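The values are calculated or read from the model by the stated rules, or taken from the named source; none is laboratory data. Just so we're clear, the structure is a prediction, and the values are computed from it rather than from any experiment. Glycine also receives a Cβ, built like all others from the backbone with ideal geometry; neighbour counts cover every protein chain displayed. Each accessible area value is taken on the protein alone, full model and side chains, heavy atoms only, with ligands, DNA and RNA left out. Shrake-Rupley method; radii C 1.70, N 1.55, O 1.52, S 1.80 Å.
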Amino acid sequence: MQAIHSNWTKPRTDACGSFFVEDFDILTTALSALKWREKNGTIKMATDYVGYAFYKDRDMLQLWDEVTTELDDIPKSINAQQFWAAGKLFALKNANTPVAVIDTDFIVWDRLAFDNLKDITVIHREELYSDVYPDIHHFKMARGYIFNPDFDWRLKPANTAFYVIKNPDLKEMYTREAQEFMEYAQQGDSLTYMVFAEQRLLPMCANALGIHTNEFSSLEKLFLDGERYFTHTWGMKQQMRDDMSLRRDFCMRCANRIKRDFGEFVPMLEKIPEIKCYFT
């Protein structure tokens, strides 16, 4: 199955003045792409000119079957600081179904039975914590915007670090509703607005179309034994920034796994300035 990585560099470039990728993110990106190609199919990186140049300068384009600069076309009306993950939504909008959407810090370690999957399958559902997923009155929208009356605000959101979407009508509705929400949203906190557009709208749209949102696993099961099948480093990143020994240990384990499983890529990766120390 075709999968999509995405990297919209504008949020980081606007916030920091330049674009960079941390060592642990480069290593998980490589493992994520290589493991997908080994076990599950082809994978594309949807990025922009800055991202393309970053990967090209480090000879990383060969990690993917295709690398595009399509995210340069994200409308300027999208607030990059407020909607820092919008690149994923526009990459999906441009894709054909069926497709797997996978974060660059998410690794699928084994083959998936795609034929058994339904219209939409997400890695897991999330609880409706009010500080992250507030009710409708929290959102300040520009004049002319109306929330879809078919949306059920009682539904649990979907974690979208990894999901497979097969239904083209759902893909079209989800990306359309997300783009409209982002374009009409007034300035607000970047967490609640972004996760509404990305993680809450998906099951809302599915339900409005009469589609059940399936799950690969649950958060509880992933904590217990998920590492055998899936790895997601999102919650560990700040810990690695704060603890250099943890960071080095994680990066060394990634480098050793690449050496073991994808030795042909070591000559390329060991030249990358940010990670070469882990291959020597």
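Taking a Cβ cut-off of under 13 Å around T13, the surrounding Lys, Arg, Asp and Glu residues balance to a net charge of -1, with basic ones at +1 and acidic ones at -1.
At 0.36 nm per residue, minus the direct Cα-Cα distance, what do Q81 and Y129 gain on full extension? Give it in nm, one decimal, please.
15.0 nm
Residues in the chain average 48 Å² of solvent-accessible surface per residue, probe 1.4 Å, ligands and nucleic acids excluded. Gain on full extension, evaluated as 0.36 nm per residue between I136 and W109 minus their Cα-Cα distance, stands at 5.9 nm. Take each peptide in 110-122, 159-171, 238-250, 60-72, count the other Cβ atoms within 10 Å of every residue, and average; sorted highest first, the result is 159-171, 60-72, 110-122, 238-250. Once backbone amide H atoms are built at 1.01 Å from N, T47 has N7, T68, T69, E70, L71 as its partners under 5 Å, excluding neighbours fewer than 5 places away on the same chain.
If a spin label sat at a point 7 angstrom from the Cα of E220 along the line to its beta carbon, the backbone N atoms of region 133-161 nearer than 20 Å would be those of 155-159. Remark: for residue pairs K44/K156; K44/K93; K56/K166; K35/K156; K44/K118, the C-alpha separation exceeds 24 Å in K44/K156; K56/K166; K35/K156.
Within the same chain, lysines fewer than 8 places from K10 are excluded, and of the rest, those with a Cα less than 17 Å from its Cα are K76, K88. Protein heavy-atom surface of region 1-131, 1.4 angstrom probe: 44% of the accessible area is carbon and sulfur, with nucleic acids and ligands not counted.
Kindly identify region 1-82 as rounded, prolate or oblate by the Cα gyration tensor criterion: order the square roots of the eigenvalues as a ≥ b ≥ c, call it rounded if a/c is under 1.5, otherwise compare a/b with b/c, prolate if a/b is larger, else oblate.
Prolate is the answer for region 1-82, as a/c is 1.5 or above and a/b outweighs b/c.
The label-point distance for T13 and R176, in a model that sets each label 7 Å from Cα toward Cβ, rounds to 3.1 nm.
To the nearest 0.05, what FRET efficiency results for N148 and D249 with a Förster distance of 41 Å applied to their C-beta separation?
Working from the Cβ atoms, E equals 0.30.
Please give the helix 168-184 orientation as an angle from the longest Cα principal axis of the chain, in degrees from 0 to 90, rounded to the nearest 10. Value to nearest ten degrees: 80.
Couplings 3J(HN,Hα) for region 57-67, derived from phi with the Karplus relation 6.51 cos²θ - 1.76 cosθ + 1.60 (θ = phi - 60°), are 4, 9, 6, 8, 4, 5, 5, 10, 6, 7, 10 Hz, where x marks Gly and Pro.
Under the convention that each Lys and Arg Cβ holds +1 and each Asp and Glu Cβ holds -1, the size of the dipole of region 16-96 around its Cα centre is about 280 debye. A Förster distance of 51 Å, applied to the separation of the beta-carbon atoms of Q62 and H212, puts the FRET efficiency at 0.85. Kindly work out what percent of the DSSP beta bridges joining two residues of the chain are antiparallel, to the nearest 5. Here the share of antiparallel DSSP bridges comes out near 50 percent.
Dipole magnitude for region 92-189: about 180 debye, using +1 per Lys or Arg Cβ and -1 per Asp or Glu Cβ, origin at the Cα centre.
Here the chain is assigned +1 on the Cβ of each Lys and Arg and -1 on the Cβ of each Asp and Glu. Its dipole about the Cα centre then comes out at about 360 debye.
Label-to-label distance, N94 versus R228, with points set 7 angstrom from Cα along the beta-carbon direction: 3.8 nm. Taking amide H as placed 1.01 Å from N in the peptide plane, M141 has its amide H under 5 Å from the amide H of Q186, each at least 5 places away in sequence or on another chain. Once you sort the root eigenvalues of the Cα gyration tensor of region 15-56 as a ≥ b ≥ c, which label holds: rounded (a/c under 1.5), prolate (a/b larger than b/c) or oblate (the other case)? Taking the square roots of the gyration eigenvalues as a ≥ b ≥ c, region 15-56 is oblate.
Once both labels are positioned 7 Å from their Cα atoms along Cα-to-Cβ, the gap between T280 and K39 label points is 3.2 nm. Label point of K271 set 7 angstrom out along Cα-Cβ; within region 28-61, amide nitrogens under 20 Å from it belong to 28-31, 34, 51-61. When a/c is below 1.5 the answer is rounded, else prolate if a/b is larger than b/c, else oblate, so apply that to region 46-131 with a ≥ b ≥ c taken from the square roots of the Cα gyration tensor eigenvalues. It is oblate, given that a/c is not under 1.5 and a/b is not larger than b/c. Ranked by the mean number of other Cβ atoms within 10 Å of their residues, highest first, the peptides 195-205, 41-51, 256-266, 143-153 come out as 195-205, 41-51, 256-266, 143-153.
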